[in-house]
Every structure is written in structure tokens, then in C-alpha cells.
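Chemist: Provided herewith is a single structure, encoded as C-alpha cells, for subsequent inquiry.
We did not get these values from a lab; they are worked out from the coordinates using the rules stated. Keep in mind that this is a model prediction, so the values were computed, not measured. Note: ideal-geometry Cβ built from the backbone for every residue, glycine included; neighbour counts use all protein chains shown.
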Amino acid sequence: MEMIIAGLLDAISPASLMYVFMGVAIGVMVGAIPGINGPMAIALFIPITYYLTPLTAIGFLVGLNKGAFFGGAISSVLLRTPGTPEAAATSWDGYPLTQQGKGEKALRMALYSSVAGDFMSTGVLIAIAAPLAAVALFMGPPEIFALISLALTVIAGIGTNSICRGLIAAALGLLAGLIGTEPVTALPRLTFDIYQLGGGLSLIPVAIGLLAFSEILIQLERFTGKGSGEHAANVFSTKREDRLLSLKEFFANTRTLIRGSAIGIGVGAMPGLGAPVASFMSYDQAMKRSKHKEEFGKGRLEGIGASESANSAVVGASLIPLFVLGIPGNLAVAMLMGAFMIHGMQPGPLMFQENAQLMYGIYGSLVIASLFLAIIGRFGLRLFCKAVEIPAMLLYPIVIFTCIMGAYLGRSDMFDVGVMLTFGVIGYFMRKFDFSYVAFLIGFILVPEWERALQQVVIISENNPTMFFERPVAMGLMALTLFVIGKTFWSNVRGGRGGRAAKA
Amino acid sequence: MTRIQRETIANLLIVGFGLFMLTWAIPTYTPPYPGYGASPALVANVSIGVMMAMAGLSLVRLLLALFAGKALPPQEGEFPDDAQSTGFTQVGRVNLYHLALFIIPCVLLIVGIEYLGYVPTAFLFLLVLQYAIGNRNWFKMTLFAIIAVAVMYVIMRYGFGVPVPGPQLF
């Protein structure tokens, strides 16, 4: 109990409140800019958190992520250009409302639905993460090794059309994560005699290069030469009923919001699915169960509520696998995991024992971030709408310059800027050739823990691989991993024999 | 270039990279087995093995599709019309000129900052970057570059207490 109170008191300290507030505000702003999403913003701002305490750093990044999820809805509603992939479904009903001059009402619905989904999801996280983590503590190195193996194969499907290419990317990420000092011998491994690589590749330049810089390179192909940003017209009507959302209008969608939040929580808790899946699934369910199916896609508030409540509910729920098992379920959480590691903590069930005060502080920050989102969104809506109009000619130089200085900031070393550029180019080609940079990054982050578990298994079992047969959970997880890999092989072989090609 | 050709090249490069790692890089740059635990080269070898197996599998699949004379179906996010006419998509096109246009100034920034210092190099870098993006208003470009360099300097120096890179100008 003392830990809970101490953690919550930490969360309401002025510094913590200030950084959570800043995180949410910046998150909404960057989320509103088409092309900049939550994980990208986290990658850009992680270097700053080097200089913060663990709680303020995590609070800031969590706020940033929450803000970016709602911010994505702004450009989605105003321009039909989703700021984030998960906001795509929001545009289907949000943009028609903007065309009718009810953009502000649509944005208010998106905001309150986001906050509702976010609160429910955070509540579930707080209620179940600690008890589940207590159960997860019974897992030994074989189970952890098997679990990470499974996570890597499942996550390989994110961000690519081919699991085969996803596995290649994950393997490449593992390889990149091995660069540095080998843990058992304490000798350099795969450093190619470059002394700066002795400590391994830092997450910050790798993440900035893969997530932000490569994305900007791709976007610049479309935007080079475009002088001005997009113009959001007809957003703010002078009619009160077109601008404001009445309580009656909001509560008419209560069922949709609860259903959307439940879908978001379920999807978020499962690694590998992500917010866009939750958003589309919730929209689909809302439409199927609505008495006014024909109005969906033409400006129905229910559609916005379904999409936004689901995608925001993913944010809190996606922390469940991280806190319980130490497995990041999506890219944003992988970046948060990186932030934990930068501050010397290994996310997982032990955190509730070793850093209980911090964990309850994070819980407090999560709730406060939801409150701030409601307040900042309510009073800053018009200001954030201006973000979509930032001209490309100003935006992209700022982002590129921030990428460079952010990469430098981590270790105050220009070598890391070179690493960032290298991974920017690698990320550019990975995106072009449809190799999952998400799987790469998660493989990169998970490999130290995976190798440590492997070493422990080998040492405990005295090089006896049959150890897995004595551990039913580990065996089950390994069987599942082999099944996923085998299925990938089979579907590829079948596709090669004319299965997929013949369908063309 | 068709998608089959592009994927074939990508997979061949991966197989080539795997062979390079297995035959030279991993044996040369991995510590010897200490006599207990797993070999330091184990995870690296497994990773390369997975990469090569998957790339090999994709190559077999592509070869079978090639012999069958079938085009690969367009994938999610690609433009089907474009894929049907050229077998290649807009999403997948690599624009090396564009890549060079933005990477070369960044590389020059790294080099220049070591010799000239942060302020002049970053200022010139931002001017070049804006020009490359398409801005031609020199007044606005200069103003923006000065503000961005100054703001970043203040944040780094006084916000985080981190020395700006290169020889100190101030």
C-alpha cells in the first residue's frame, strides 16, 4: 500500500505533471500532422528522455503516444488524410461531417471517444497487469526463451505482406542487436574492429533512422516541390449545434463506445495485431449492429466513436504484454520498452517487485495523461487544427534536422548520426521492398533478453535440449513457434506452385 | 523491372549477405567458444540461417512462378493498374537520385561539423535542404535556418547541457 501511495504521489509531482502535459500536447500536435505517427514521435523524443528521471521520461512518452493517437484523428477528419494508420476508419464518417461544416463536432466526438476508450483500457491494465505478472513470475528461462521466439515469429507479420520477409527482417534485427560486447566472454562481437561499436548499436539512432528518417525520405518523394500545407476548410461553423456535441448525442453512442473499447482492449493485449485492426473491427461491428447502417460513411458520429474508442483503447492494453511478459506487442510499445531499457530497467513481471513504486507512478501518469488529453483536446482543438496546415517546406527540414540532432543527443557522438543515416537508408529500402522494419526493430530490442534466456537454458540443462520436454509451457510455446514457421514454409511452397500466382 | 525481378534481386542479395556473414564475418569477428554456455556465434548463425532459408524459399517460389509464366498478384497498398501494366508498382520504385539528394547533404553535415563547427554547418545544411525540397525564397530560407539553428543550440546547450558537436564556435 505504501508503494502505491508513494507511486501516485510521484505521479502528481509538478515535474511529472508538466512532462505528461507536454507529452500529450506534443503528441496531439505531431499526430495531427499527416505522416508523423506515435512511434515516430517517440523515436524522435526518446533522446530527450535521457535527461529525465524514469517516471517523468515514461510519463512523457506515454502522454506523447496517447496524444498522437487522438491527433491522428484531426487530419483524418479535416483532410481525409489519416495522420496515423489507425485513424483511417475515423475519416470515413469524420470527413463527410467536415464537408457539412460539422468538423468541430466530429473532432469533439473523436476526442471524447478517445478519452473514453483510453480510460477503460487504462483501468483494465491497472486491474489485471499486476496479478498476471505474479503468475508470469513462475516462468523460467526455457519459457522466456520460447515466449520470445513465438513473439518474434508472430510479430514478423506486422508491416509486411509476407511473413517470409517479416522473418528475414526479424532475423536481421537479431543480428544487428548482437553487435557489441558478447555477454559471456565479454569480448567484442561483430564489431568489425570499429571501436564505437564496442558498446553495441544504440537504440536511439537505429530507431530514429528506421522509423523517422526513412519515412521522411519516402514522404519527400511525394512532397518535394509542394510549397504549402493542406488547407482545412469549413471546419468551424458559426452555428452552435454544428460545433458542439451535446451530452445526448454522446451518450447515444454508449454501447458503441463500450464495444469499441472492449475490442481495442482485446486486440491491444494480443501482440502483433495493432490499433488499425481494432479500429476497423470496431467500425465494422458498429455498422453491423446499428439501426442506421445506411448512414455509415456519410457522417455518422457512431462511426467516429467506434473507430476512436477502439484505437485509443489499444494504447493502455498494449502495455499488458509488456508489463506481464516483457514482450512488446506493437511498435509504440517496443519504443517504450527501449525507453525503459535506456533507464536501466528490463520490462517484465519482475518490475512489479523491483520497481513497484515506479510502476504505480506510471499507472498514475497513465490516468493523468487521459485527463490531460481531455483537457488539452477540449481547449486546444482549434490550435491543433492549424498543425495540418504546416507547409512541407518547413516541416521536413525541421524533422530531418531533429533526426540528426536527436541521434547525436543520445551519446553526444557524431558516429551515432552516421548510424542513424545508415539505418535510414536501410529503412528506406526495407519499406520499398516490403521488409518489415517493425519486425527488425522488435528483433533488435528483444535479442539481448532472448540470448540471455538461451544462455541460461544451455547452462542449466548442461547442453541438453530435451530440457524443453520437461517444461510443458515452454514445449507448447516452442511447438506453436514451429507451427507458425512451418505454416509460413507451407504457404510459400503452395504459393510457388501456382497457388497465389494462378489467382492473379 | 517487374516485381519478380525485384524480389529475385532482393533475395539473391540476402543469400549473398548470408554467405558473406557465414564464411567470413561471423568466424572472424566472433569470440571463440569459452567452453560453457552457448557459443557466441550461435544466435548469429541461427539468424543468418533463418534469413537464408526464407530468402531461398522465396527464390524457389519466384522461380516456380517464373516458369509458370505468371505475374505476381498486386499486394495490399500497391496500385493494381500500375502493377498490371508494368509488373511493378509506384510504391516500390526506388528513386536513387532522390535518395542521394537528401543523404549527401547529411553526410556532408557530419564531415563539415567536425571541421567548421555546428553553427555554420547546420546553417548551410538547412539552406541546402530547403532548396532540395523546392523552396526558392532566399529570405524565408535564411530566416528559417537561423531560427532553427539558434533554437536547437539553445535547447542543446542550455536545455540539456550537452555540448554542440564539432569545434566550439561560441
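Chemist: Using only the Cα atoms, what convex hull volume per residue in Å³ does segment A:2-496 have?
Modeler: Enclosed volume per residue, from the Cα hull, is 159 Å³.
Chemist: Further question: Could you check the simple spin-label distance between residue A:81 and residue B:100, using points 7 Å along Cα→Cβ, in nm with one decimal?
Modeler: My value for the distance between the label points is 2.9 nm.
Chemist: Taking a quarter of the surface of the convex hull around the Cα atoms of segment A:1-156, what do you get in nm²?
Modeler: Convex hull of Cα atoms, orientation-averaged projection: 11.6 nm².
Chemist: For segment A:64-208, state the average projected area of the convex hull of the C-alpha atoms over all orientations, rounded to one decimal in nm².
Modeler: Averaged projected area of segment A:64-208's Cα convex hull equals 12.8 nm².
Chemist: Let me ask you something else. Using the alpha carbon gyration tensor of segment A:337-446, what are the three equivalent-ellipsoid semi-axes (square root of 5 times each eigenvalue), largest first, in whole Å?
Modeler: Details: eigenvalues 168, 139, 45 Å².
For segment A:337-446, the semi-axes come out at 29, 26, 15 Å.
Chemist: Further, regarding this structure: Between residue B:9 and residue B:142, 0.36 nm times their residue separation minus their Cα-Cα distance comes to what? Please list the in-between numbers first.
Modeler: Details: separation 133, 0.36 × 133 = 47.88 nm, distance 4.34 nm.
Extending this stretch completely gives an extra 43.5 nm.
Chemist: Output the pairs from A:105/A:386; A:102/A:291; A:66/A:293; A:105/A:239; A:239/A:291 with a Cα-Cα distance over 19 Å in this structure; if there are none, say none. Present the calculation step by step, with values, prior to reporting the outcome.
Modeler: Numbers: A:105/A:386 17 Å; A:102/A:291 22 Å; A:66/A:293 30 Å; A:105/A:239 11 Å; A:239/A:291 28 Å.
Checking Cα-Cα distances, A:102/A:291; A:66/A:293; A:239/A:291 exceed 19 Å.
Chemist: Right, next: Relative to the compact globular guide of 2.2 N^0.38 Å, what is the alpha carbon radius of gyration of segment B:96-159, as a ratio?
Modeler: Numbers: Rg = 12.4 Å, N = 64, 2.2 N^0.38 = 10.7 Å.
Working it through for segment B:96-159, the quotient is 1.16.
Chemist: So for the pair residue B:19, residue A:187, with labels modelled 7 Å out along Cα→Cβ, what separation do we get in nm?
Modeler: A separation of 2.8 nm, rounded to one decimal place.
Chemist: Another one. In percent, what relative contact order does chain A have, based on Cα pairs under 8 Å that are 6 or more apart in sequence?
Modeler: 29 percent
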